[in-house]
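Heads up, the thing below is written out as structure tokens.
The values are calculated or read from the model by the stated rules, or taken from the named source; none is laboratory data. Keep in mind that what you see is a predicted model, and the values were worked out from it rather than measured. We place every Cβ from the backbone using ideal geometry, glycine too, and count neighbours over all the protein chains shown. Only protein heavy atoms, including side chains, enter the accessible area calculation; ligands, DNA and RNA are left aside. Shrake-Rupley method; radii C 1.70, N 1.55, O 1.52, S 1.80 Å.
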Amino acid sequence: MKITLRKLVLIGMMMASARAFGGTPVSVSLFGTLPERADVYGLHFSIACIGPISSCPNSVAGLSLGCLETGVGDGAMSGIQVSGIHAGGECVYGLQTGGIFAMAEKATGIELAGGVSMCCDFRGVQLAGLLSQADSCCGLQMAFYNGSASMCGVQIGVLNFAVPAKDGWVVQLGLVNGIGKDEKSTWTDGIRYLPIMNIGW
């Protein structure tokens, strides 16, 4: 690869701007993170970013790639997070994708998982092969099973269950669609089931 003066200047500017924000442009996690507990403005790469085995960067703004797992500490993940097995974080803004699991406490954007997508407070599009679950969801859920205790948006799947958020609405498309009247609704009480399509507010 030919290194030009322009590329060197660009790399220098990236490093300088990352340092100006008190972070680093590149971080690597193997059995520890280098630099340790850093704020990353650029690229984070991990083989395994698993709590007791390997620490994670505090926050990432940019691209986070993981062979097995990638995550962030108490800070936010802003940008694109991709992992072979598990992508996770406290707050995720942008695209989060995991080969099997994609999980966050709070997320805005797109959460994509081969198996399970879970979030406490989600805004955007949540897609998974098996399960899309959110305590609070505003947007679209699409999986074999979709569930939300406080939903405003659309669910598309084989099994859909939701309670409309306050001042919210739910449209469900699937084989079994259940909309609860409030947070006290259970599988057998306080829920209206309809096949193919169900609407509630």
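A few notes on this one:
- Any hit, the range 123-138, residues being basic (Lys, Arg) and either part of a strand (DSSP E or B) or surrounded by 22 or more Cβ atoms within 10 Å (Cβ to Cβ) (or both): yes
- Restricting the range 142-156 to residues that are of a type in the set (Gly, Ala, Ser) and in a strand (DSSP E or B) leaves a set whose member that is farthest from residue 180 (Cα to Cα) is 153.
- Contact annotation: residue pairs with Cβ atoms under 6 Å, 6 or more positions apart or on different chains, pairing a residue in the range 86-108 that is closer than 15 Å to residue 65 by Cα with a partner that is of a type in the set (Val, Ile, Thr) and crowded, with 24+ Cβ neighbours inside 10 Å, are 87/70; 89/72.
- Residue count, the range 145-173 (criterion: closer than 23 Å to residue 127 by Cβ and either without any contact (Cβ under 8 Å) to a residue 24 or more places away in the chain or buried (at least 22 other Cβ atoms within 10 Å of the Cβ) (or both)): 19
- Of residues in the range 61-114 being among the β-branched types (Val, Ile, Thr) and either at pLDDT below 85 or outside any strand (DSSP E or B) (or both), the one least open to solvent (accessible area, probe 1.4 Å): 70
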